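Peer 1: Here it is: the structure, laid out below.
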Amino acid sequence: MSGAGKSSLARALAMKLRAPHVELDELFWGPEWTPKPAATFRELTRAAVSAPTWVVDGNYSSVRDIVWPRADVAVWLNFPLWLVLWRVFWRTAHRLRTREALWHGNRESFRRTFSSRESILWWVVTAHAKRRREFSLLRNSRQFPNLKWVEIRWPRQAEAFIRALDAHD
């Protein structure tokens with residue numbers, strides 16, 4: 001779910017594990033928020049996860065069949081809607097104010113954020129419950145038996161998860 005903290009957690013995990021950090025958003029988006037062709041996105045993803053170790057952040061069902069069979073652990077940031085919405089709002093406000101460049105020079109825009117059908121805020125509101133159901137079903141299915149699931153419901157649990165890796169160094 002956008003805004004839950006996937007990228008921040010993945011960066012921290014990648015650093016702890018000394019593994020490459022793969023951001024699916026970077027592989028998916030082209031300039032001017034244009035999605036890359038599906039075949040290109042799939043090939044870039046396949047190449048990224050062909051390394052022996054990696055940490056992927058992102059949730060694109062279109063490449064799940066590439067990423068998940070090669071993964072050991074799925075970390076599900078299952079935060080409440082109000083928290084995710086709060087985080088997305090403030091992250092987006094920061095990006096609007098600073099004009100922070102994202103993947104391939106893309107930037108958040110006021111119009112895209114607040115007055116379009118592509119609004120990240122609207123997407124969070126409309127997708128949150130659907131994503132929770134989807135991940136609950138995936139976690140309980142036998143589709144990816146290789147995956148150990150870690151469900152994190154609060155930011156403090158994410159911090160504890162990272163700290164626990166220190167105990168295993």
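Peer 1: Check whether at least one residue in the range 86-97 is at pLDDT below 95, surrounded by fewer than 13 Cβ atoms within 10 Å (Cβ to Cβ), polar (S, T, N, Q) and within 29 Å of Pro31 (Cβ to Cβ), and report yes or no.
Peer 2: No, because not a single residue in the range 86-97 is at pLDDT below 95, surrounded by fewer than 13 Cβ atoms within 10 Å (Cβ to Cβ), polar (S, T, N, Q) and within 29 Å of Pro31 (Cβ to Cβ).
Peer 1: Can I ask one more? If only one of Arg46, Arg64, Arg107 is under 14 Å from the mean Cα position of the chain (by Cα) and of a type in the set (Lys, Arg), which one is it?
Peer 2: Criteria check complete, one pass: Arg64.
Peer 1: Every residue in the range 139-169 that is surrounded by fewer than 13 Cβ atoms within 10 Å (Cβ to Cβ), of a type in the set (Gly, Ala, Ser) and closer than 20 Å to Arg18 by Cα, please.
Peer 2: Ala160, Ala164, Ala167
Peer 1: Here's a check for you: in the range 107-131, which residue that is in contact with a Leu (Cβ under 9 Å, 6 or more places away or on another chain) and within 13 Å of Val84 (Cα to Cα) is surrounded by the fewest Cβ atoms within 10 Å (Cβ to Cβ)? Full working, then the answer.
Peer 2: First, the residues of the range 107-131 that are in contact with a Leu (Cβ under 9 Å, 6 or more places away or on another chain): 107-110, 113-114, 121, 124-125, 128-129.
From what is left, the residues that are within 13 Å of Val84 (Cα to Cα) are 121, 124-125, 128-129.
Working: Leu121: 15, Val124: 21, Val125: 14, His128: 20, Ala129: 10.
So the residue we want is Ala129.
Peer 1: Can you confirm whether Glu151 is part of a helix (DSSP H, G or I), more than 26 Å from Glu32 (Cβ to Cβ) and acidic (Asp, Glu)?
Peer 2: No, not satisfied.
Peer 1: Please verify whether Leu102 is surrounded by 13 or more Cβ atoms within 10 Å (Cβ to Cβ), modelled with pLDDT under 95 and out of contact with any Lys or Arg (no Cβ under 8 Å at 6 or more places or on another chain), treating the condition exactly as stated. If you could, list the steps in order and put the result at the bottom.
Peer 2: On the way: surrounded by 13 or more Cβ atoms within 10 Å (Cβ to Cβ): yes; modelled with pLDDT under 95: yes; out of contact with any Lys or Arg (no Cβ under 8 Å at 6 or more places or on another chain): no.
No: the conditions fail for Leu102.
Peer 1: Follow-up question, since we're still on this one. Within the range 120-148, work out how many residues are among the basic types (Lys, Arg) and assigned to a loop (DSSP other than H, G, I, E, B).
Peer 2: Looking only at that region, the number is 1.
Peer 1: How about the range 48-72: which of its residues are surrounded by 12 or more Cβ atoms within 10 Å (Cβ to Cβ) and of a type in the set (A, V, I, L, M, F, W, C)?
Peer 2: Ala48, Val49, Trp54, Val55, Val56, Val63, Ile66, Val67, Trp68, Ala71
Peer 1: Can you name the condition, by its number, that Met1 falls short on among (1) without any contact (Cβ under 8 Å) to a residue 60 or more places away in the chain; (2) in contact with a helix residue (DSSP H, G or I) (Cβ under 9 Å, 6 or more places away or on another chain)?
Peer 2: Exception for Met1: condition (1).
Peer 1: So how many residues does the range 62-97 have that are among the small types (Gly, Ala, Ser) and out of contact with any helix residue (DSSP H, G or I) (no Cβ under 8 Å at 6 or more places or on another chain)?
Peer 2: 2
The values are calculated or read from the model by the stated rules, or taken from the named source; none is laboratory data. Because the structure is predicted, anything quoted here is derived from the model rather than measured. Here Cβ is always computed from backbone atoms with ideal geometry, including for glycine, and neighbour counts include all displayed protein chains.
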